[in-house]
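One structure is given here, and the rest of the page talks about it.
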(Lines give C-alpha, C1' and ligand atoms only; values in the text may rest on other atoms or scores of the structure.)
Protein backbone atom coordinates (compact mmCIF):
# COMPACT_ATOMS: atom_id res chain seq x y z
CA UNK A 1 0.00 0.00 0.00
CA UNK A 2 1.20 3.50 -0.87
CA UNK A 3 0.06 6.95 0.23
CA UNK A 4 0.19 9.11 -2.89
CA UNK A 5 0.04 12.89 -2.63
CA UNK A 6 -0.79 15.41 -5.33
CA UNK A 7 -0.31 19.07 -4.46
CA UNK A 8 -1.10 22.15 -6.47
CA UNK A 9 -0.66 25.85 -5.85
CA UNK A 10 -3.78 27.71 -4.76
CA UNK A 11 -4.73 30.60 -7.09
CA UNK A 12 -1.48 30.15 -9.00
CA UNK A 13 -2.63 32.21 -11.98
CA UNK A 14 -3.09 35.23 -9.74
CA UNK A 15 0.48 35.14 -8.43
CA UNK A 16 2.77 37.91 -9.64
CA UNK A 17 5.80 35.60 -9.40
CA UNK A 18 4.88 31.98 -10.08
CA UNK A 19 8.52 30.91 -10.38
CA UNK A 20 9.22 32.49 -7.00
CA UNK A 21 6.26 30.61 -5.51
CA UNK A 22 7.59 27.32 -6.83
CA UNK A 23 11.01 28.08 -5.35
CA UNK A 24 9.42 28.86 -1.98
CA UNK A 25 7.57 25.54 -2.04
CA UNK A 26 10.72 23.62 -3.00
CA UNK A 27 12.64 25.28 -0.14
CA UNK A 28 9.83 24.47 2.31
CA UNK A 29 9.81 20.83 1.17
CA UNK A 30 13.57 20.63 1.72
CA UNK A 31 13.20 22.11 5.19
CA UNK A 32 10.49 19.64 6.14
CA UNK A 33 12.58 16.74 4.83
CA UNK A 34 15.45 17.84 7.08
CA UNK A 35 13.21 18.09 10.13
CA UNK A 36 11.00 15.04 9.47
CA UNK A 37 12.48 12.79 6.74
CA UNK A 38 9.56 10.39 6.30
CA UNK A 39 8.65 10.70 2.60
CA UNK A 40 9.58 7.74 0.43
CA UNK A 41 9.50 10.18 -2.51
CA UNK A 42 9.48 13.83 -1.39
CA UNK A 43 7.08 16.21 -3.10
CA UNK A 44 8.55 17.44 -6.38
CA UNK A 45 7.23 19.49 -9.28
CA UNK A 46 6.04 17.35 -12.18
CA UNK A 47 4.18 19.68 -14.53
CA UNK A 48 2.86 23.22 -14.34
CA UNK A 49 1.90 24.04 -10.75
CA UNK A 50 1.54 20.41 -9.63
CA UNK A 51 3.75 18.41 -7.29
CA UNK A 52 3.68 14.71 -6.47
CA UNK A 53 5.13 12.64 -3.64
CA UNK A 54 4.75 9.33 -1.84
CA UNK A 55 4.69 8.14 1.77
CA UNK A 56 4.63 4.71 3.36
CA UNK A 57 1.88 5.60 5.85
CA UNK A 58 -0.97 8.08 6.17
CA UNK A 59 0.40 9.36 9.49
CA UNK A 60 3.70 10.16 7.74
CA UNK A 61 1.92 12.11 5.04
CA UNK A 62 -0.28 14.06 7.45
CA UNK A 63 2.65 15.01 9.70
CA UNK A 64 4.82 16.07 6.77
CA UNK A 65 2.12 18.07 5.02
CA UNK A 66 1.29 19.92 8.23
CA UNK A 67 4.88 21.08 8.54
CA UNK A 68 4.87 22.07 4.88
CA UNK A 69 1.80 24.25 5.30
CA UNK A 70 3.32 25.88 8.37
CA UNK A 71 6.58 26.53 6.49
CA UNK A 72 5.04 28.33 3.51
CA UNK A 73 5.03 32.15 3.33
CA UNK A 74 1.81 34.15 3.39
CA UNK A 75 1.57 34.62 -0.37
CA UNK A 76 2.00 30.93 -1.26
CA UNK A 77 -0.44 28.16 -0.39
CA UNK A 78 -1.09 24.63 -1.62
CA UNK A 79 -3.98 22.20 -1.61
CA UNK A 80 -3.32 18.49 -1.20
CA UNK A 81 -5.00 15.33 -2.40
CA UNK A 82 -4.02 12.17 -0.54
CA UNK A 83 -4.79 8.77 -2.03
CA UNK A 84 -4.33 5.55 -0.07
CA UNK A 85 -3.99 2.35 -2.09
CA UNK A 86 -1.87 0.48 -4.60
CA UNK A 87 0.38 1.95 -7.26
CA UNK A 88 1.54 0.51 -10.55
CA UNK A 89 4.45 2.59 -11.91
CA UNK A 90 4.75 2.37 -15.68
CA UNK A 91 7.76 2.78 -17.94
CA UNK A 92 7.38 5.24 -20.81
CA UNK A 93 10.20 6.40 -23.05
CA UNK A 94 12.82 5.66 -20.42
CA UNK A 95 10.89 7.32 -17.60
CA UNK A 96 9.04 5.80 -14.67
CA UNK A 97 5.62 7.39 -14.25
CA UNK A 98 3.40 7.08 -11.16
CA UNK A 99 0.17 5.28 -11.91
CA UNK A 100 -2.48 3.20 -10.21
CA UNK A 101 -5.47 3.43 -7.85
CA UNK A 102 -3.67 5.46 -5.15
CA UNK A 103 -2.89 8.17 -7.68
CA UNK A 104 -6.42 8.18 -9.07
CA UNK A 105 -7.73 8.56 -5.51
CA UNK A 106 -5.28 11.41 -4.85
CA UNK A 107 -6.51 13.18 -8.00
CA UNK A 108 -10.12 12.79 -6.86
CA UNK A 109 -9.18 14.09 -3.40
CA UNK A 110 -7.49 17.26 -4.62
CA UNK A 111 -10.39 18.01 -6.95
CA UNK A 112 -12.80 17.48 -4.04
CA UNK A 113 -10.86 19.98 -1.92
CA UNK A 114 -10.96 22.53 -4.70
CA UNK A 115 -14.75 22.19 -4.83
CA UNK A 116 -14.97 22.53 -1.04
CA UNK A 117 -12.97 25.77 -1.21
CA UNK A 118 -15.50 27.21 -3.61
CA UNK A 119 -18.50 26.35 -1.45
CA UNK A 120 -18.70 24.99 2.08
CA UNK A 121 -15.14 25.28 3.38
CA UNK A 122 -13.05 28.10 1.86
CA UNK A 123 -10.09 27.31 4.14
CA UNK A 124 -9.98 23.58 3.32
CA UNK A 125 -6.66 22.46 1.86
CA UNK A 126 -6.43 18.67 2.39
CA UNK A 127 -8.55 15.85 1.00
CA UNK A 128 -8.11 12.12 1.63
CA UNK A 129 -9.54 9.26 -0.40
CA UNK A 130 -9.28 5.47 -0.13
CA UNK A 131 -8.57 3.89 -3.49
CA UNK A 132 -10.91 1.33 -4.99
CA UNK A 133 -10.02 -2.27 -4.20
CA UNK A 134 -8.70 -1.56 -0.71
CA UNK A 135 -9.90 -3.26 2.46
CA UNK A 136 -13.24 -1.68 3.32
CA UNK A 137 -12.37 -1.76 7.03
CA UNK A 138 -9.96 1.10 6.30
CA UNK A 139 -12.76 3.43 5.27
CA UNK A 140 -13.60 4.47 8.83
CA UNK A 141 -9.96 5.43 9.54
CA UNK A 142 -9.83 7.40 6.29
CA UNK A 143 -13.05 9.24 7.18
CA UNK A 144 -11.66 10.16 10.61
CA UNK A 145 -8.40 11.35 9.06
CA UNK A 146 -10.27 13.46 6.52
CA UNK A 147 -12.35 15.09 9.26
CA UNK A 148 -9.21 15.81 11.29
CA UNK A 149 -7.52 17.34 8.23
CA UNK A 150 -10.46 19.69 7.60
CA UNK A 151 -10.41 20.93 11.19
CA UNK A 152 -6.63 21.33 11.12
CA UNK A 153 -6.80 23.26 7.85
CA UNK A 154 -9.27 25.71 9.36
CA UNK A 155 -6.83 26.60 12.14
CA UNK A 156 -3.68 26.72 10.01
CA UNK A 157 -5.32 28.74 7.22
CA UNK A 158 -6.40 31.38 9.73
CA UNK A 159 -2.90 31.80 11.22
CA UNK A 160 -0.57 34.67 10.45
CA UNK A 161 2.79 33.84 8.90
CA UNK A 162 4.53 34.49 12.22
CA UNK A 163 2.15 32.21 14.11
CA UNK A 164 2.78 29.47 11.55
CA UNK A 165 6.53 29.90 12.03
CA UNK A 166 6.15 29.68 15.79
CA UNK A 167 3.90 26.64 15.53
CA UNK A 168 6.38 24.93 13.23
CA UNK A 169 9.13 25.61 15.72
CA UNK A 170 7.16 24.14 18.60
CA UNK A 171 6.30 21.07 16.49
CA UNK A 172 9.98 20.30 15.95
CA UNK A 173 10.83 20.81 19.62
CA UNK A 174 12.07 24.40 19.90
CA UNK A 175 11.30 26.15 23.17
CA UNK A 176 9.30 29.36 23.42
CA UNK A 177 12.49 31.12 24.57
CA UNK A 178 14.38 29.94 21.48
CA UNK A 179 11.54 31.09 19.25
CA UNK A 180 11.36 34.46 21.00
CA UNK A 181 15.07 35.02 20.46
CA UNK A 182 14.77 34.08 16.79
CA UNK A 183 11.82 36.43 16.26
CA UNK A 184 13.25 39.26 18.35
CA UNK A 185 10.22 39.37 20.63
CA UNK A 186 9.45 38.47 24.24
CA UNK A 187 8.59 34.96 25.35
CA UNK A 188 5.24 36.35 26.48
CA UNK A 189 4.55 37.54 22.93
CA UNK A 190 5.30 34.06 21.60
CA UNK A 191 3.01 32.46 24.17
CA UNK A 192 0.19 34.88 23.34
CA UNK A 193 0.55 34.32 19.58
CA UNK A 194 0.45 30.55 19.98
CA UNK A 195 -2.59 30.73 22.25
CA UNK A 196 -4.48 33.11 19.95
CA UNK A 197 -3.77 30.92 16.92
CA UNK A 198 -4.99 27.70 18.49
CA UNK A 199 -1.52 26.25 18.07
CA UNK A 200 -1.71 23.92 21.08
CA UNK A 201 -4.20 21.64 19.33
CA UNK A 202 -2.10 21.63 16.15
CA UNK A 203 1.07 20.79 18.08
CA UNK A 204 -0.57 18.01 20.09
CA UNK A 205 -1.98 16.50 16.91
CA UNK A 206 1.41 16.69 15.23
CA UNK A 207 3.05 14.96 18.19
CA UNK A 208 0.63 12.04 17.83
CA UNK A 209 1.37 11.73 14.10
CA UNK A 210 5.11 12.20 14.46
CA UNK A 211 5.33 9.57 17.18
CA UNK A 212 3.90 7.05 14.70
CA UNK A 213 6.13 8.34 11.91
CA UNK A 214 9.30 8.05 13.99
CA UNK A 215 8.45 4.66 15.51
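Evaluating residue 6 against the criteria (1) in contact (Cβ under 8 Å) with a residue 60 or more places away in the chain; (2) surrounded by 22 or more Cβ atoms within 10 Å (Cβ to Cβ); (3) not in a strand (DSSP E or B) leaves one unmet condition, (3).
All of (1) assigned to a helix (DSSP H, G or I); (2) under 28 Å from residue 168 (Cβ atoms) hold for residue 84 with one exception: (1). On the basis of being outside any helix (DSSP H, G or I) and under 28 Å from residue 9 (Cα atoms), does residue 204 make the cut? Answer is no for this residue. Considering every residue within segment 41-59, establish whether at least one is out of contact with any strand residue (DSSP E or B) (no Cβ under 7 Å at 6 or more places or on another chain), modelled with pLDDT of 90 or more and within 15 Å of residue 128 (Cβ to Cβ). Within segment 41-59 (the criterion being out of contact with any strand residue (DSSP E or B) (no Cβ under 7 Å at 6 or more places or on another chain), modelled with pLDDT of 90 or more and within 15 Å of residue 128 (Cβ to Cβ)), the answer is yes, since at least one residue qualifies. Given the criteria touching a helix residue (DSSP H, G or I) at 6+ places or on another chain (Cβ under 8 Å), buried (at least 22 other Cβ atoms within 10 Å of the Cβ) and under 26 Å from residue 147 (Cβ atoms), does residue 113 qualify? In short, no. Of the residues making up segment 119-148, those that are closer than 18 Å to residue 56 by Cα, in a helix (DSSP H, G or I) and under 15 Å from the mean Cα position of the chain (by Cα) number 2.
Residue-level check: of (1) surrounded by fewer than 20 Cβ atoms within 10 Å (Cβ to Cβ); (2) more than 18 Å from residue 68 (Cβ to Cβ); (3) in contact with a helix residue (DSSP H, G or I) (Cβ under 9 Å, 6 or more places away or on another chain), residue 162 misses just (2).
Hey, among 166, 116, 194, 179, which residue is in contact with a strand residue (DSSP E or B) (Cβ under 8 Å, 6 or more places away or on another chain), within 23 Å of residue 76 (Cα to Cα) and not in a loop (DSSP other than H, G, I, E, B)?
116
The values are calculated or read from the model by the stated rules, or taken from the named source; none is laboratory data. Keep in mind that this is a model prediction, so the values were computed, not measured. A quick note on method: Cβ atoms are made from the backbone with ideal geometry, for glycine too, and the neighbour counts reach across all protein chains shown.
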